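Remarks on the structure that follows.
Nothing in this text is a laboratory measurement; each read-out follows from the coordinates by a stated rule. Nothing here was measured: the structure is a model prediction, and the numbers come from that model. With ideal geometry, Cβ positions are generated from the backbone for all residues, glycine too; neighbour counts draw on all protein chains shown.
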Amino acid sequence: MSGDRNHYERAFSTLLQEAGVTALAMDEQRRPTLQGRQLKNFDFLVNGAREVWALDVKGRRGTPWITRTDLFSMLGWKLLLRGKARLGFVFAFAGQTPRLRDLECTRFQAPAQSYHFALLTLEDAQRLARPRSQSWGTFGFEWKAFCRHAKALGALMPSAVLL
């Protein structure tokens, strides 16, 4: 399922496979346009526990952030999917940092390192995002607000596989 992706997307893909969750990795080569602008594809279409999720996986080192393109594209996908899927960002934090103990997340031990995965819905991301860098076009999240809204992957997996 994972294709030729980066380490955190491969770890996420492996976690889903081990949990028996049906998911499809998206083809990065084909990108739709909306209102004359090309959309960035989300990474996975996941058949969750109660609904289908379109997810963009973000590998981060302790600080969650997204780009203007990430947000615009996911809002575009929301229009294109017409309510047939929930949209969100899965933040993949590699390794251990003390601040992760404040975050409700799903832990996964891959062969090379451990990961902490947290799901933030598109609606929460849109509401909580604050400008981080104007020149780079990035938005960040205040850590405590992020921790209140980001969740473990329970919406995606049967509760028996959550740690």
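Yes or no: A92 surrounded by fewer than 20 Cβ atoms within 10 Å (Cβ to Cβ), among the aliphatic types (A, V, I, L, M) and touching a residue at least 40 places away in the same chain (Cβ under 8 Å)? Give the steps one after another, and end with the answer.
Values: surrounded by fewer than 20 Cβ atoms within 10 Å (Cβ to Cβ): no; among the aliphatic types (A, V, I, L, M): yes; touching a residue at least 40 places away in the same chain (Cβ under 8 Å): yes.
No.
Across the stretch 2-53, which residue is surrounded by the fewest Cβ atoms within 10 Å (Cβ to Cβ) among those that are at positive phi and touching a helix residue (DSSP H, G or I) at 6+ places or on another chain (Cβ under 9 Å)?
The selected residue is Q35.
Answer with yes or no whether G83 is surrounded by 16 or more Cβ atoms within 10 Å (Cβ to Cβ) and within 20 Å of L122 (Cβ to Cβ). Show your work before the answer.
On the way: surrounded by 16 or more Cβ atoms within 10 Å (Cβ to Cβ): no; within 20 Å of L122 (Cβ to Cβ): yes.
Spelling it out, it is not the case that G83 is surrounded by 16 or more Cβ atoms within 10 Å (Cβ to Cβ) and within 20 Å of L122 (Cβ to Cβ).
Please count how many residues of the stretch 55-80 are surrounded by fewer than 20 Cβ atoms within 10 Å (Cβ to Cβ), closer than 16 Å to L120 by Cβ and of a type in the set (S, T, Y).
Summing the residues that are surrounded by fewer than 20 Cβ atoms within 10 Å (Cβ to Cβ), closer than 16 Å to L120 by Cβ and of a type in the set (S, T, Y) in the stretch 55-80 gives 2.
If you check T97 against the conditions, is it among the hydroxyl-bearing types (S, T, Y) and either loosely packed, with under 12 Cβ neighbours inside 10 Å or free of Cβ contacts under 8 Å to residues at least 40 places away in the same chain (or both)? Lay out the reasoning, then the answer.
Values: among the hydroxyl-bearing types (S, T, Y): yes; either loosely packed, with under 12 Cβ neighbours inside 10 Å or free of Cβ contacts under 8 Å to residues at least 40 places away in the same chain (or both): yes.
In short, yes.
What is the residue count in the stretch 56-83 for residues that are more than 22 Å from S13 (Cβ to Cβ) and among the basic types (K, R)?
Residues meeting the conditions: 3.
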